[in-house]
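One structure is given below, encoded as structure tokens.
Just so you know, all these numbers are worked out from the coordinates, no wet-lab data involved. These numbers come from a predicted model, not from an experiment. Here Cβ is always computed from backbone atoms with ideal geometry, including for glycine, and neighbour counts include all displayed protein chains.
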Amino acid sequence: MTGSHRSGTTWVGRMIASSPQVGYIHEPFNINGHCEFCTADFPYWFYYVTAEDEDRYCKPISDTLEFRYDLLGKLAVSRNYSQVKKELSNYWTCVSSRVKNLRPLLKDPMALFSADWLSKRFNMQPVVMIRHPAAFCSSIKVLNWSHPFSHFLEQDFLMNTHLYSFRDEIKRFADEEKEVIDQAILLWKLISFMILKYRAENQDWLFVRHEDISRDPISGFEGIFSYLGLGFTNRIVEIIDWHSMSNKNLNKIRPDYRLNGFRRDSETNIFSWKDRLTTAEIEKIKIETEEISKYFYSDSDW
């Protein structure tokens, strides 16, 4: 489960993981250490794993996908009872996932540039999320997230293989921090350029626009579950209903169906960017992303 960050990968990933057949793995490529199960150490955001350095990452990723947890290593650096309790809980989660033979769902937008390697090396079925450039930029603006563009330049293989046409632009952003909207625009272009390449080269991958699944979550998720070969039960429909508010009158639902922090009005969220961005910002985003966005969105989407 990858694609653009701020494109609903967590929402979609959590809904897929509502299947009793699936075990959820959260962002092993996140350099802030979001995945507690994975021991891989990625030096840059959007790290691009290649054949030249895959030996360094194969075992940690393989262990993660097999739900193998380094309990002794974790306990050795635990500083208090709370940490010990947490590590034991993580360990038993992994043991339970192995015993149940759950299919691993690796959710990580930061793994986008390594998605081809992951797909081939571990026989994955990629689901790639795409989001409207104005919606993406709006989300980055609200969070005021700055990005270190030097992390792209430091990766020679990534730059020489995929992002060479953006080299001068990336360098300008690495040399001098730009306004957050400008950063978001460039990030959207780099991410979506890669998604566009993947779409042309991988007919067996599933590409999902955030807006499409937000408008009709039940049909959208039914397609994703079918692609993944997962059962789409009434229980799962109810979970999706509640967490997307596609049925706004659905209040009676078992507490164990609810995932704290993941309920949202998915349809209303589609055009929230129109209230968050100025007219000038929207026009700027449209003009500067048009060369790539035209392959995903038409004028009517603006």
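Straight-line reach from residue 178: taking Cα to Cα under 23 Å and skipping same-chain neighbours fewer than 8 places apart, the lysines in range are 141, 189, 274, 284, 286.
Rounded, prolate or oblate: pick one for region 159-225, where a ≥ b ≥ c are the square roots of the eigenvalues of its C-alpha gyration tensor, a/c under 1.5 means rounded, and failing that, prolate if a/b is larger than b/c, else oblate. It comes out oblate by the Cα gyration axes. Applied to region 274-284, the Karplus parametrisation 6.51 cos²θ - 1.76 cosθ + 1.60 on θ = phi - 60° returns per-residue 3J(HN,Hα) values of 5, 8, 8, 9, 7, 4, 5, 5, 4, 5, 4 Hz, with x for Gly and Pro.
Here's the list of aspartates and glutamates a cross-link from residue 85 could span, going by alpha-carbon distance under 16 Å and ignoring same-chain residues fewer than 8 apart: 36, 70.
Qualifying chymotrypsin sites (Phe, Trp or Tyr not before Pro) in region 26-124, where qualification requires a DSSP coil assignment and no more than 11 other C-beta atoms within 10 Å, are lacking entirely.
Spin-label model, residue 32 to residue 202: label points 7 Å out along the Cα-to-beta-carbon direction sit 2.5 nm apart. Sorting 169, 27, 238 by the number of Cβ atoms found within 10 Å of their own Cβ, with the fewest placed first, yields 169, 238, 27.
When you restrict to C-alpha pairs under 8 Å that are six or more residues apart and normalise by the size of the chain, the relative contact order lands at 23 percent. For region 55-165, the relative contact order is 19 percent, taking Cα pairs closer than 8 Å that sit 6 or more residues apart in sequence and dividing their mean separation by the residue count. Shape of region 200-244 from the C-alpha gyration tensor: oblate (a/c of 1.5 or more and a/b not above b/c, with a ≥ b ≥ c the square roots of its eigenvalues). With a Förster radius of 45 Å applied to the beta-carbon distance between residue 84 and residue 233, the computed FRET efficiency rounds to 0.75.
Shown here for region 66-104: trypsin sites (Lys or Arg not before Pro) in loop regions (DSSP other than H, G, I, E, B) with at most 14 other Cβ atoms within 10 Å, namely 79, 100. The relative contact order of region 117-188, computed from alpha carbon pairs under 8 Å that lie at least 6 residues apart in sequence, is 40 percent. By the Cβ distance rule of under 4.7 Å, the chain has these cysteines without a partner: 58, 94, 137.
Overall, the anisotropy analysis places region 56-106 in the oblate class: the square-rooted eigenvalues a ≥ b ≥ c of its C-alpha gyration tensor yield a/c not less than 1.5, with a/b not exceeding b/c. Summarising the amide proton neighbourhood of residue 22: residues at separation of 5 or more, or on other chains, whose placed amide H is nearer than 5 Å comprise 103.
For the chain, dividing the convex hull volume of the Cα atoms by the residue count gives 153 Å³ per residue.
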